[in-house]
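> Let me give you the structure first, and then I'll get to my questions.
What follows is calculated from the coordinates using simple rules that are stated; it is not laboratory data. Fair warning: this is a prediction, and the values are worked out from it, not measured in the lab. Here the Cβ positions follow ideal geometry from the backbone for every residue, glycine too, while neighbour counts run over all protein chains shown.
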Amino acid sequence: MKINKLTFLFFGLTFSLTLARAEEIIVEKETWQPGTKAPVPITMSGFSSEVDATLRFDLEVAGFKFVGAEQAVYALTGNNNGNVQGALALAKTPVFSKAYSGVSLRRQAHALADDVVQAVTGKKGVAQTRIAFKVDTGPAGEIYVSDYDGHNAQAVTHDNTIVAAPCWAPGQTVLYYTSYKFDNPDIFRHDLGTGQRKAISRHSGLNTSAAVSPDGRRVAMILSKDGAPDVYVCDADGTNLKRLTATREDDSSPCWSPDGQWICFATKSKDRRMLCKVPASGGTAERISTGGVSNPTEPDWSPDGKWIVFTAMMGGFEICVVPASGGSASVLVSGEDPSWAANSRTVVFARRRGGGRGLSLLDVPTKQVKDVPRISGSNSQPSWAK
Amino acid sequence: MKSAKFLNLIVLGLVLTVPFVGCKKKPIGVTTLPSSRIGTPTEPPPGGIIGGGTGPSSAPAEPFVGTPPGPGHPGWPEDHEKFKAQTVYFDFDSAVVKSGEKSKIEVVSAYLKANPSHAVKIEGNCDERGTEEYNRSLGERRALAVREALIADGIAPDRVDTISFGEDKPAVAGHDEAAYKMNRRDEFVLLTPK
């Protein structure tokens with residue numbers, strides 16, 4: 001028999017509706033350009049006080065925007081009666097329904113936020129990760145560790161001296177940082193689990209800006225012992241020191257490529273400040289162009305290898321992102337001293353506010369920023385644990 | 001012909017049903033969060049201090065004991081007043097010793113030649129218009145620039161130490177050029193044998 005026109009139309013409509021629904025699920029595209037992505041509209045109800053506030057904070061950092069039910073693509077419902085329970089729906093279709101227990105309501109809220117991020121983007125959330133940073137009260141300060149949103153902050157030093165540049169060893173509860181405890185900027189390795197501390201670099205002059213390699217085996221740093229602040233690399237215990245640059249200028253802020261092959265740093269050449277990279281095993285440095293901005297400094301290389309985030313000093317300070325191979329830089333937000341999360345999407349940074357610095361979180365694709373509550377004094381130089 | 005029509009209806013029925021049952025997910029059981037990760041006190045004890053207690057949690061930082069002295073002149077008494085008038089000032093973002101500042105370095109050099117057992121520490125500083133690690137490096141570069149000038153004048157390198165304070169120790173509080181220019185400086189600290 002002939003398939004009559006009505007049947008064919010019906011068949012065709014249903015088939016195309018099925019296709020449309022399948023495409024709707026993939027809301028998040030894999031690639032984005034910094035600062036150009038629209039936030040994902042979400043509506044939320046049923047939670048209260050700290051759980052509601054935590055979910056809002058976490059999801060805004062993750063690139064969501066809270067809207068009314070009519071404009072929302074996703075809906076998060078649940079409650080925190082006793083423990084946190086939450087259900088996510090996409091255009092009225094259930095995506096997941098989960099309940100949590102243990103630790104604290106705040107932590108459960110973070111876990112729910114991470115599950116929302118995982119379901120929507122397919123990538124792991126950062127709401128249960130930690131940062132290290134320094135807190136200054138006057139010139140002296142201490143190194144602190146906290147949740148990524150600044151909560152549960154605790155001092156890990158009590159030396160009452162100038163400290164600087166904390167940096168996590170990847171995958172370990174170990175921090176490297178600079179301390180003037182012995183009347184000179186020296187680099188120390190601090191095992192947070194055992195409390196043990198060891199001097200890694202105590203050469204004459206400046207020892208600062210430790211950066212641990214992705215495999216945890218080597219440390220890049222700035223030493224001035226040979227006449228100018230230059231980039232050096234050594235083993236994680238401070239041995240096998242090798243000099244990588246000899247520029248006579250003030251090199252600063254080394255960071256590693258995720259494959260461990262390159263060290264990117266800030267330097268000056270022919271009166272022009274720029275970012276360069278040098279092979280970690282030694283060799284010739286090459287420039288990483290940062291088109292459109294000047295005086296780049298404090299670079300950090302994204303864990304997926306694609307981007308370098310840095311501070312441009314152009315009168316004020318601007319957080320910028322450039323492709324790791326160089327090119328056109330995007331100016332994202334006022335601030336300094338950025339550090340990537342493991343998701344290669346969120347950046348913690350510092351910005352000057354009200355007489356001192358405080359920390360903030362930036363979602364690079366959407367440019368959304370949330371301020372982190374400040375511990376008294378000035379909070380700066382954050383490092384995201386990875 | 002009737003069976004073909006019937007087959008069409010079955011296919012149609014299946015196609016209509018699939019979108020409505022295909023994507024539904026069942027609720028999962030409770031996710032229990034671990035009480036703590038290694039080295040992570042997720043719930044700080046009432047005192048707010050890391051350490052103590054049971055399970056994997058951070059230990060208090062070891063006090064530094066038995067650490068050998070570093071290079072330079074550890075323990076030598078410091079006189080911050082002696083060379084106050086010889087503080088060397090720098091232009092913005094520069095570590096170049098300006099010609100107008102050189103006579104100050106000559107005063108320090110002459111003193112060191114007259115007092116061969118004494119040494120000097122040069123403290124390098126910056127204004128706040130750079131980022132922190134950038135300023136720590138620039139301050140050191142400024143200290144080294146003046147150290148080079150002293151060495152060029154015949155002072156032995158091991159009599160001249162450097163230390164950078166970046167932007168940590170402004171001489172003048174303030175957020176204008178009047179303050180900034182007073183902060184971009186090297187200060188000389190006289191060191192005498194202990």
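> Along segment B:79-90, what does the Karplus equation 6.51 cos²θ - 1.76 cosθ + 1.60 (θ = phi - 60°) give for ³J(HN,Hα), rounded to whole Hz, x for Gly and Pro?
10, 8, 9, 3, 10, 3, 6, 9, 4, 9, 9, 10
> How large is ³J(HN,Hα), in whole Hz, for each residue of segment A:99-116 in order, when computed from phi with the Karplus curve 6.51 cos²θ - 1.76 cosθ + 1.60 and θ = phi - 60°, using x for Gly and Pro?
My calculation for segment A:99-116 gives 10, 10, 8, x, 6, 6, 4, 4, 5, 5, 4, 4, 5, 5, 4, 4, 5, 5 Hz in order.
> Check A:Val333: other-chain or 5+ apart residues with amide H under 5 Å from its amide H, H built from backbone geometry?
Sorted by chain and number, the residues that satisfy this are A:Ile319.
> Indicate the gyration tensor shape class of segment A:130-384 (rounded, prolate or oblate), computed on the Cα atoms with a ≥ b ≥ c the square roots of the eigenvalues: a/c under 1.5 is rounded; otherwise a/b larger than b/c is prolate and the rest oblate.
rounded
> For a label point 7 Å from the Cα of A:Thr36 along Cα→C-beta, name the residues of segment A:320-344 whose backbone N is under 18 Å from it.
Answer for segment A:320-344: A:320-333.
> What is the extension gain from A:Thr77 to A:Thr161, computed as 0.36 nm multiplied by their sequence separation minus the C-alpha to C-alpha distance, in nm to one decimal?
25.4 nm
> To continue, here is another question. Compute the relative contact order of segment A:267-386 as a whole-number percentage, counting only Cα pairs closer than 8 Å that sit 6 or more residues apart in sequence.
Reported as a whole number, the value is 16 percent.
> Between A:Gln368 and residues 5 or more places away or on another chain, which pairs have amide H atoms under 5 Å apart, with H built 1.01 Å from N, and which residues are they?
A:Asp363
> What list of ³J(HN,Hα) values in whole Hz, one per residue of segment A:47-55 in order, does the Karplus curve 6.51 cos²θ - 1.76 cosθ + 1.60 (θ = phi - 60°) give from phi, with Gly and Pro shown as x?
Coupling constants for segment A:47-55: 8, 9, 5, 5, 5, 4, 5, 5, 4 Hz.
> If you build a Gaussian network model of chain A, linking Cα atoms that sit under 10 Å apart, which residue out of A:Cys234, A:Cys255, A:Cys167 swings the most?
A:Cys234
> First obtain the Kirkwood hydrodynamic radius of segment B:78-191 from its Cα pairs, then insert it into the Stokes-Einstein equation at 10 °C and 1.306 mPa s, and state the resulting D in µm² per second as a whole number.
Answer from the Stokes-Einstein relation: 114 µm²/s.
> Cα atoms only: what Rg and Dmax, in Å, come out for segment A:63-108?
Rg, Dmax (Cα atoms, Å): 12.1, 35.
> If R0 is 35 Å, what FRET efficiency do you get for B:Phe64 and B:Asp91 from their C-beta distance, rounded to 0.05?
My answer for the efficiency is 0.35.
> Another question, then. Between A:Lys123 and A:Gln172, what length comes free when the chain is fully extended (0.36 nm per residue of separation minus the Cα-Cα distance, one decimal in nm)?
So the extension gain works out to 15.5 nm.
> Indicate, rounded to the nearest 5 percent, the antiparallel portion of the DSSP beta bridges found entirely in segment B:78-191.
So the antiparallel bridges in segment B:78-191 amount to around 65 percent.
> Something else: Taking the number of other C-beta atoms within 10 Å as the exposure measure, put B:Arg147, A:Arg130, A:Arg287 in order starting with the fewest.
A:Arg287, A:Arg130, B:Arg147
> In terms of modelled amide H atoms, which long-range or inter-chain residues lie less than 5 Å from the amide H of A:Val95?
A:Leu88, A:Ala89, A:Leu90
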